[in-house]
Amino acid sequence: MIIKTTKDIPASEITDPLIFKERRKIIKAMLATVFSGVGIAPALANNHNPAWATLPKSDFSTDLLTPTPAELIKNYTNYYEFAFNKQDSTSLAQKLRTDPWSIEISGEVEKPGNYYLEDILRQQTLQEHIYRFRCVEAWSMVVPWVGFSLGNLLKTVKPLSTANFVKFTAVHQPEIMPRQHNNAMLEWPYVEGLRIDEAMHPLTILAVGMYGDVLPKQNGAPLRLVVPWKYGFKSIKAIVKIELLKRPPITSWSQFAPDEYGFYSNVNPAVAHPRWSQNSERQLGSSFFTSRRQTELFNGYGEQVASLYRDMDLRHFF
């Protein structure tokens, strides 16, 4: 059935606000309805204005940020359902059908069901979350996401005491996504997972936008997960299903290469990928002469999340 319903980041590390491809007016109209009266001003008259003129910042955000080149981020995204390179996904993703959109929530919860995205948004408070983003490929950026707490959403469906893990499933549109159509590399659709305490942590968000505007399709529209202390492949794009489980799910990359991609995938400079070091990272937009940034444990969010892994061997549980 369908139920309607910190640590400061240095100024040199943020990605430039990007003028992304405009979304359909119906989406902006929906957002205007959802957020009218709470200080958010969607721009319907001028297509070059962002969807949200102002947003409250999360407690983990900072204003001390300097942009990096916008075009680099626009065309630099891993979206293997479309392409195995970082450039073609931007154009190919524009065919993705994102309206209407609903999310199935099931498993160990009191209130399972299919929820329209606009109904979910009416119950949530959007904020700007300026987070570091670290790819397992050893490059990094900082993104000002627009989103809301995943934990707050999960509370509305009332997890049972038997809910120990959260499984996320991405959209399956093989007629639009070439690599799904060809059944290339991974088992599709894409699947990721978290422990329940990771999912409920206030740093963990579901993003619907970035740079004050709606989320571009190549970056995970209309709804993606963001877990800033984990490698970027954990932040699954275009979510259509959320399941609360008793046991850990088998995730896509862990199934494909279990020796390279563990379930936890916490950013950790002391644990190398089998084919490269994770000790440092290339900041997107930096010049040839810019030194690589030294990678921090938990991507710099250790003060907030290290307690989740107390007494765990982070080399074994990588």
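What the table shows:
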{"item": "Test: residue in the range 229-240 that is in contact with a strand residue (DSSP E or B) (Cβ under 7 Å, 6 or more places away or on another chain), surrounded by fewer than 17 Cβ atoms within 10 Å (Cβ to Cβ) and in a loop (DSSP other than H, G, I, E, B)", "result": "no"}
{"item": "Selection status of D197, open to solvent by 10 Å² or more (accessible area, probe 1.4 Å) and either modelled with pLDDT under 95 or under 19 Å from A83 (Cα atoms) (or both)", "result": "no"}
{"item": "Residue among Q218, Q255 that alone is among the polar types (S, T, N, Q) and open to solvent by 70 Å² or more (accessible area, probe 1.4 Å)", "result": "Q255"}
{"item": "Search result, residues across the range 151-180 that are polar (S, T, N, Q), within 19 Å of S235 (Cβ to Cβ) and surrounded by fewer than 19 Cβ atoms within 10 Å (Cβ to Cβ)", "result": "N152"}
{"item": "Out of A51, A93, sole residue that is buried (at least 19 other Cβ atoms within 10 Å of the Cβ), modelled with pLDDT of 50 or more and not in a loop (DSSP other than H, G, I, E, B)", "result": "A93"}
{"item": "Filtered residues of the range 300-316 (kept if part of a helix (DSSP H, G or I) and either acidic (D, E) or modelled with pLDDT of 95 or more (or both))", "result": "G302, E303, Q304, V305, A306, S307, L308, Y309"}
{"item": "P249 in a loop (DSSP other than H, G, I, E, B), open to solvent by less than 30 Å² (accessible area, probe 1.4 Å) and more than 28 Å from V142 (Cβ to Cβ)", "result": "yes"}
{"item": "Output for the range 252-275, where each listed residue is outside any loop (DSSP other than H, G, I, E, B) and in contact with an Asp or Glu (Cβ under 8 Å, 6 or more places away or on another chain)", "result": "S252, W253, Q255, F256, H273"}
{"item": "Among the residues listed as E192, E243, the single one being over 23 Å from A51 (Cα atoms) and surrounded by fewer than 23 Cβ atoms within 10 Å (Cβ to Cβ)", "result": "E243"}
{"item": "Failed item in (1) in a loop (DSSP other than H, G, I, E, B); (2) among the small types (G, A, S); (3) more than 20 Å from A138 (Cα to Cα), with S291 passing the rest", "result": "(3)"}
{"item": "Failed item in (1) more than 21 Å from L308 (Cβ to Cβ); (2) more than 12 Å from the chain's Cα centre (by Cα), with L245 passing the rest", "result": "(1)"}
{"item": "Boolean, L186 is open to solvent by less than 20 Å² (accessible area, probe 1.4 Å) and either touching a strand residue (DSSP E or B) at 6+ places or on another chain (Cβ under 8 Å) or more than 21 Å from A207 (Cα to Cα) (or both)", "result": "yes"}
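The values are calculated or read from the model by the stated rules, or taken from the named source; none is laboratory data. Predicted model, so just to flag it, every value in this text is computed and none were measured. All Cβ positions, even for glycine, are placed from backbone atoms using ideal geometry, and neighbour counts span all protein chains on display. Note: areas computed on protein heavy atoms with side chains; ligands, DNA, RNA excluded. Shrake-Rupley method; radii C 1.70, N 1.55, O 1.52, S 1.80 Å.
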